[in-house]
């Protein structure tokens, strides 16, 4: 980080002004973390949302610049680009049903954003997540550590919530870990999920643990089914915020994120959810946990699934 960049205001570009993107913009501004550029293809929407957020600034006490735009030129020199653009799931749809249509959107977004912010870190949120991150990495040509996906933080937060509800303890006392692809083959890790340091298999019977793991795997679909129109946005935006904060403040936090694997966990040339150390460089380090044979097999299965779909979409779109 050079001296000039250290003293200028940090800037986060959010591409996609839907519920996730607009809520993330609010979180970033209200915590005075960075200036925000909110971009969307729909004329008027990002401008209206930005003005609404600005009009709240005196009431909530932030002084951040918030720009709403349809022009990528306004995102120039962003430190982080968050991609939430894409079609959301509808009831009955899987994340993978969105493969081709969102792939085209994400490729276009990545190519335009990198042209104006060639040194940015990219955080991808669009589903199907792990495949979309790979496309952004390829489209931008950035080092793999500067491109990552938000999934594990959200999945782990859902697991944390379900454990908290089951045991009737504050969620702050619960630490949860979920690896693998952001989909039905994600891999919750009970042995690394604890309440005040106590692994949950020592507090819950096996059947209950499995039930909570299964609910976590389908946590997004549960909300989509309840809402009927649209999906989750409060928890996803909070999860993205944690990653953005870790990067901008160079916190070197250990967070589960979709990162590029080069042999870790026996997996090669794909993006998948794993525990990472996240700071200003992006993914500073990938941590390899000791997994049981069963957990390793589940992670391998999840990785194989993501790998096949990544290769499929690469053939179709690139």
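Derivation of every value follows stated rules applied to the coordinates shown; laboratory data play no part. Fair warning: this is a prediction, and the values are worked out from it, not measured in the lab. So basically every Cβ, Gly included, is an ideal-geometry build from the backbone, and we count neighbours across all protein chains shown.
A few points about this structure:
- Put simply, when 191-204, 34-47 are sorted by average Cβ atoms within 10 angstrom per residue, most first, you get 34-47, 191-204.
- Largest-first ellipsoid semi-axes for segment 3-149, taking √(5λ) over the Cα gyration tensor eigenvalues, angstrom: 25, 19, 12
- Beta bridges by DSSP in the chain, antiparallel share as percent, to the nearest 5: 50 percent
- Over 26 Å [Cα-Cα, segment 152-317], rounded percent: 30 percent
- Inter-centroid distance (Cα atoms) of segment 253-271 relative to segment 16-60, Å: 31 Å
- Stretchable slack from residue 205 to residue 229, in nm (0.36 nm times residue separation minus alpha-carbon distance): 5.1 nm
- Considering only alpha-carbon pairs that sit under 8 angstrom and 6 or more positions apart, the relative contact order computed for segment 3-149 is 22 percent.
- Scoring 149-157, 75-83, 226-234 by mean Cβ neighbours within 10 Å over their residues and listing the highest first yields 149-157, 75-83, 226-234.
- Taking label points 7 Å from Cα along the Cα-to-Cβ direction, residue 172 and residue 8 give a separation of 3.8 nm.
- Using a Förster distance of 45 Å, the FRET efficiency for residue 254-residue 100 (Cβ separation, nearest 0.05): 0.85
- Cα-projected label distance for residue 292 with residue 43, points at 7 Å along beta-carbon direction, nm: 5.9 nm
- For segment 184-220 and segment 67-89, distance of Cα centres in Å: 35 Å
- Residue order, fewest to most surrounding Cβ atoms within 10 angstrom, among 63, 182: 63, 182
- Computed from label points 7 Å out along Cα-Cβ, the spacing between residue 32 and residue 196 is 3.5 nm.
- Coarse-grained scattering of segment 169-244 at q = 0.11, 0.15, 0.19, 0.25 Å⁻¹, given as base-10 log I(q)/I(0) from a Debye sum over alpha-carbon atoms: -0.33, -0.62, -0.96, -1.29
- Angle in degrees between helix 99-116 and the longest Cα principal axis of the chain, rounded to the nearest 10: 50 degrees
- By average C-beta atoms within 10 angstrom, highest first, the peptides 21-32, 212-223: 21-32, 212-223
- Nearest 10 degrees, 0 to 90: helix 234-248 Cα axis against the chain principal axis: 70 degrees
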